[in-house]
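Structure first, then comments.
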Amino acid sequence: MRPKKIKDLQARSKKLMVRIMDPLEPDDPYVMIVNSGTNPYLSRVVTIKFGRDGTISARCTCQWAQHGGMGCTHVIAALSKLAARKKRALSFWLTPEEAQRQKQHLLRLSDGRTENIWITSRQPA
Ligand SMILES: [Zn+2]
C-alpha cells in the first residue's frame, strides 16, 4: 500500500522534526524519532536499513505503517534528514519512469514484498 499523493507527503514531511540515532554497528539500522510539527508530544519511531544494492527498507510506528502502508510522512522525513546530513536532497516518485527522467542517483524504498517507491538524490540548490 503506497500513498497516492507522495508530493503532498513530501511537502508535509518538511514540518516534522527528526532526531537521528546512529547505528552502533555498521549493519544495524538507523533509528529515528520523528516528532509531529504541530504536537511536540506526538512522536513516531522510524527504523531504516540500507541494503547493499541501494534498496531501503523502513518501518514506522504510525497507523498507516501498522496497516501495511509504506512511505508515510515520517519515513520520508527521516530519509530526507539523513540525506541532508550528507548534503543531498531527496525526491520521491511512484513510478520508475518518473524517477529515471530526473537523471539523478536512484534509490528504491521497498516494502519487502512487491511495492516500491523510487527516490532520487541530488545536491540541493
Ligand atoms: Zn509513519
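Whether a residue is among the β-branched types (V, I, T) and in contact with a Gly (Cβ under 7 Å, 6 or more places away or on another chain) was assessed, and I48 does not pass this test. Looking across region 1-15, the residues that are loosely packed, with under 15 Cβ neighbours inside 10 Å and either away from the ligand (no atom under 16 Å from the Cβ) or under 13 Å from L79 (Cβ atoms) (or both) come down to K7, K14. Taking the criterion of being part of a strand (DSSP E or B) and more than 17 Å from P3 (Cα to Cα), the residues of region 104-119 that qualify are H105, L106, L107.
Residue-by-condition table, conditions (1) farther than 24 Å from L42 by Cβ; (2) touching a residue at least 40 places away in the same chain (Cβ under 8 Å); (3) basic (K, R); (4) crowded, with 17+ Cβ neighbours inside 10 Å:
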| site | (1), (2), (3), (4) |
| --- | --- |
| G71 | no, yes, no, yes |
| V75 | no, no, no, yes |
| S80 | no, yes, no, yes |
| R85 | no, yes, yes, no |
| L94 | yes, yes, no, yes |
| E98 | yes, no, no, no |
| L106 | yes, yes, no, no |
| L109 | no, yes, no, yes |
| N116 | yes, no, no, yes |
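Scanning region 40-96 for residues being under 18 Å from R122 (Cβ atoms) and basic (K, R) gives a total of 5.
Selection of region 1-15 for residues being basic (K, R), in contact with a strand residue (DSSP E or B) (Cβ under 8 Å, 6 or more places away or on another chain) and outside any loop (DSSP other than H, G, I, E, B) yields only K7.
Only the coordinates and a few stated rules stand behind these numbers; no lab work does. It should be emphasised that the depicted structure is a prediction, and the values quoted were computed from it without experimental measurement. Neighbour counts run over all protein chains shown; Cβ positions are idealised from the backbone, glycine included.
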